[in-house]
Amino acid sequence: MITPRIEMTLEKIAHNARALVALYGSKGIDVIGVTKVVCGNPYIAKVLTKSGIRILADSRIENIKKMRNAGIEAQFLLLRTPSLSHCEAVVKYSDMSLNSELTIIEKLSAYAVEYDKSHKIILMLELGDLREGLMPADLDHTIEQILKMDGIMLTGIGANLACFGGVKPDAEKMNLLSSIAVDIEDKFGLQLEFVSGGNSANYDWFMSTSDVGRINNLRLGESIYLGCETLSRKPIPGLYTDAMTLVTEVIESKIKPSLPYGTIAQDAFGNITQFVDQGEIRRAILGIGLQDVNVSGLTPRIDVEILGASSDHIIVNAKDEELKVGDELEFDLNYAALLAVMTSRYVNKVSSDRVNAHEYCERVEQKYRRHVRRMQTTALKDNLSQLVSLNDSSFNLMFEPSIMENYQYMVREAVYDKIGRISKRLDMEDKTLWIRSAYRSFEHQRLLWEERVNSLKIEYPKKELEEIEELVSYFIAPPSKSMHATGGAVDALIYDLKHDSIMRFGTNDGYKIDLNDKCYPYHPYITPEAKVNRKLIIGLFEAEDFVVDIKEYWHFDYGNISWATEKGKEQAIYGIIEA
Ligand SMILES: *Cc1c(COP(=O)(O)O)cnc(C)c1O
């Protein structure tokens, strides 16, 4: 798989989100999921909304737009005061924003009126950290002005600590915020929906207080993704701290001195270097650098030492690790490093289901190669049973048009009976077996092969014939190797009479099937509907002692060499019938 990549283990992120929602919920605090460090990644956003989070917050309107366009169902909060030049987009794409400037709120109001919307605002208060926020003394005046504006709804107040000044959100600060909330509600006759106390740094305060006062909301990012609080970066018990993994690749590995030699001047970034002499060491270079990540925020998962980095290279002392070119090296990331890699367009963002899919496909391909080798040693004793035509049967079946003229859809006798029983079972569900193919003569197989070769020649005019044949062999066996020449193989889909169409199996549009690795029967990256439908068809055939093909969910074998090999039988009972 391509590197560098950031692997996002969605199951772990979901676990962390659910655990934090439950923890903070136990004292009446609702969690807003902050997506800014993952740049509004829609896979992660979806996981958060499935984990009990109703509001997503991001500091970039572009990320909010991206999540909306991806169909994420949530309310969206812009997590900083909008720029004047963004106000229109903020009203259009977000439901709420944090605010601290009247000029900007006025502009939001104008756009809200224009778009006939109600934009909610949370007023931020300065409590000592010295980033955004109104000075408490200016609060009354500001609220008076806001209440006069159309299209704007003052929905809460909030504070943000431990970000710029590193000031702790302790009991004193939180009690202050609570009392300001109570004052405002009394003075203006308001009911504040949000009294938002802060971020992942509020964990210690939360754990040490029994009375959270009016604080009913926190905006959490880092503790969801990295599993820690953020005053001293302690892991939070029960959370995963390894949900995010940076995977890099070794592009050079050599024994070299540990001290640069020659006359020393500035390095690429204007610094004078300093290194410790450790004698000769194995130096591995990784294909990622300062353009992609804050290297100081990386911790290798194995015992190697980062010596330094330039724009596109990280140099590590491999110590006792046998790092060679092509090896992958994994790192934990801190917040700054995570932010950087998620923002870099040179780092691939890979969610765990894609990693799972990739691993699944590799396993299938390995298994297939092993299977093909083992097939060569499986014995055969043909029981010489006859080919019978499914076409002439009285079973309810449907037949896919064939390139072979006058095709009879023949199978061996026992297979014929099995198909009959499957057909009867489907009758009860208002469904019919759709037979794509059965016995195929060499001539038939050759036609199929040539048809596919010709269509690929048109698709890839620059490819050599050999390459094209390899592509074709991926899904179509050469005539003398095809299990369809035994009369023990059936290709089938299911037709749903209620919906008057072929069911969806994940790679098909009607009976047209896209040939790609999603055809592997248990591919994890297909729709839930396709999974259920595959389970149905595979279940029906397996109940009749067929085996599903290793790579094709529609291909079933009985009696032939592939079947005997897969089932570990002493011998196959159907050999190739030449015709
Ligand atoms: C980034 C941010 C957060 C989330 O902070 P974490 O430390 O990731 O939990 C919350 N509120 C505001 C205003 C922020 O900018």
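The values are calculated or read from the model by the stated rules, or taken from the named source; none is laboratory data. Just so you know, these numbers come straight off a predicted model, no measurement behind them. Every residue, glycine among them, receives a Cβ derived from its backbone with ideal geometry; neighbour counts consider all protein chains shown.
For region 352-389, a tally of residues being part of a strand (DSSP E or B), surrounded by 13 or more Cβ atoms within 10 Å (Cβ to Cβ) and in contact (Cβ under 8 Å) with a residue 40 or more places away in the chain returns 2.
Might you let me know whether region 238-252 holds any residue that is touching a helix residue (DSSP H, G or I) at 6+ places or on another chain (Cβ under 7 Å) and within 10 Å of the ligand (Cβ to nearest atom)? Looking for residues that are touching a helix residue (DSSP H, G or I) at 6+ places or on another chain (Cβ under 7 Å) and within 10 Å of the ligand (Cβ to nearest atom), one finds none in region 238-252, hence no. With (1) of a type outside the set (S, T, N, Q); (2) under 23 Å from Asp140 (Cβ atoms); (3) within 15 Å of the ligand (Cβ to nearest atom); (4) within 37 Å of the chain's Cα centre (by Cα) as the list, and Glu193 as the residue in question, which single condition is left unmet? Failed condition: (3). Checked against the criteria, Phe541 counts as over 31 Å from the mean Cα position of the chain (by Cα) and under 23 Å from Met428 (Cβ atoms).
Table: residues versus (1) among the aromatic types (Phe, Trp, Tyr); (2) modelled with pLDDT of 90 or more; (3) within 32 Å of the chain's Cα centre (by Cα); (4) not in a helix (DSSP H, G or I).
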| position | (1), (2), (3), (4) |
| --- | --- |
| Ile458 | no, yes, no, no |
| Leu471 | no, no, yes, no |
| Ile476 | no, no, yes, yes |
| Ser480 | no, no, no, no |
| Ala492 | no, yes, yes, yes |
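Candidates in region 55-73 are the residues that are more than 16 Å from the ligand (Cβ to nearest atom) and assigned to a loop (DSSP other than H, G, I, E, B); of these, the one that is surrounded by the most Cβ atoms within 10 Å (Cβ to Cβ) is Ile72.
In summary, Val90 fulfils each of the numbered conditions (1) β-branched (Val, Ile, Thr); (2) within 16 Å of the ligand (Cβ to nearest atom); (3) under 14 Å from Gln145 (Cβ atoms) with the single exception of condition (3). Scan region 220-234 and give yes if some residue there is more than 12 Å from the ligand (Cβ to nearest atom), outside any helix (DSSP H, G or I), charged (D, E, K, R) and not assigned by TED's automatic domain parsing to the domain that holds Ala22, otherwise no. Taking every residue of region 220-234 in turn, at least one turns out to be more than 12 Å from the ligand (Cβ to nearest atom), outside any helix (DSSP H, G or I), charged (D, E, K, R) and not assigned by TED's automatic domain parsing to the domain that holds Ala22. Only one entry in Ala57, Ala89, Ala74 is more than 24 Å from Ile13 (Cβ to Cβ) and either more than 18 Å from the chain's Cα centre (by Cα) or basic (Lys, Arg) (or both), namely Ala89.
Sub-6 Å Cβ pairs linking a first residue in region 391-408 that is free of Cβ contacts under 8 Å to residues at least 60 places away in the same chain to a second residue that is part of a strand (DSSP E or B), at least 6 apart or interchain, are Asn396/Thr432; Leu397/Leu433; Leu397/Ile435; Phe399/Ile435; Gln408/Ser389, ordered by first then second residue.
Within region 201-212, the presence of a residue that is of a type in the set (Val, Ile, Thr), part of a helix (DSSP H, G or I) and more than 14 Å from the ligand (Cβ to nearest atom) is excluded. Each residue in region 315-351 was checked for being within 16 Å of the ligand (Cβ to nearest atom) and either part of a loop (DSSP other than H, G, I, E, B) or among the hydroxyl-bearing types (Ser, Thr, Tyr) (or both), and 3 pass.
Does region 37-48 contain at least one residue that is assigned to a strand (DSSP E or B) and within 13 Å of the ligand (Cβ to nearest atom)? Scanning region 37-48 turns up no residue that is assigned to a strand (DSSP E or B) and within 13 Å of the ligand (Cβ to nearest atom). The test for being outside any strand (DSSP E or B) and over 30 Å from Ser223 (Cα atoms) does not hold for Gln291.
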